[in-house]
């Protein structure tokens, strides 16, 4: 099963401080979703100006907030509850996003059905690449005000993937 995921973190390049995980959003290929925000890994003071201006205003708070340890248990349970088959996390930016997942599960235990290598978003044909890009453009035209919310970004990846592989186009 594919799970499209995205993360948001405090600073892309660590100008102020080392980057810290803020939120994780996941969308399974069957539509099930997972979203969480971290309560103990970051503060506004360590965030880049971009994160302060764009990411933080999109955070939901309340029941979405949890500690890193709670996130590890909760996300592991969600992944293992999806299927007994292998789960592949897919990202459009694995060099940024995947490291957070690896660190989380190395520290707290790896889900038994999660592949230990990030799946990319890859297509064999140029027309699929164009359709993927078209799908992203259509998604963001409708949802642009929520861009850089981890769950909404994960939804965009799933939408564009499905758009790209849709038959009969």
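Key figures for this structure:
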| item | result |
| --- | --- |
| Residues (over 15 Å from the mean Cα position of the chain (by Cα) and under 16 Å from residue 74 (Cα atoms)) located in segment 5-43 | 39, 40 |
| For residue 17: the one exception among (1) touching a residue at least 24 places away in the same chain (Cβ under 8 Å); (2) touching a strand residue (DSSP E or B) at 6+ places or on another chain (Cβ under 7 Å) | (2) |
| All helices (runs of 4 or more DSSP H) inside segment 52-169 with 1 or more residues being under 16 Å from residue 22 (Cα atoms) and in contact (Cβ under 8 Å) with a residue 24 or more places away in the chain | 68-82, 94-108, 150-165 |
| Failed condition for residue 137, given (1) touching a helix residue (DSSP H, G or I) at 6+ places or on another chain (Cβ under 8 Å); (2) more than 25 Å from residue 42 (Cα to Cα) | (1) |
| Residues of segment 6-35 classified as over 18 Å from residue 66 (Cα atoms) and in a strand (DSSP E or B), total | 2 |
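Yes/no per residue for (1) surrounded by fewer than 18 Cβ atoms within 10 Å (Cβ to Cβ); (2) under 27 Å from residue 116 (Cβ atoms); (3) at pLDDT below 95:
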{"position": "17", "(1), (2), (3)": "yes, no, yes"}
{"position": "23", "(1), (2), (3)": "no, yes, no"}
{"position": "28", "(1), (2), (3)": "no, yes, no"}
{"position": "33", "(1), (2), (3)": "yes, yes, no"}
{"position": "52", "(1), (2), (3)": "yes, no, no"}
{"position": "79", "(1), (2), (3)": "no, yes, no"}
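The values are calculated or read from the model by the stated rules, or taken from the named source; none is laboratory data. Predicted, not measured: the structure shown is a model, and the values here were computed from it. Glycine also receives a Cβ, built like all others from the backbone with ideal geometry; neighbour counts cover every protein chain displayed.
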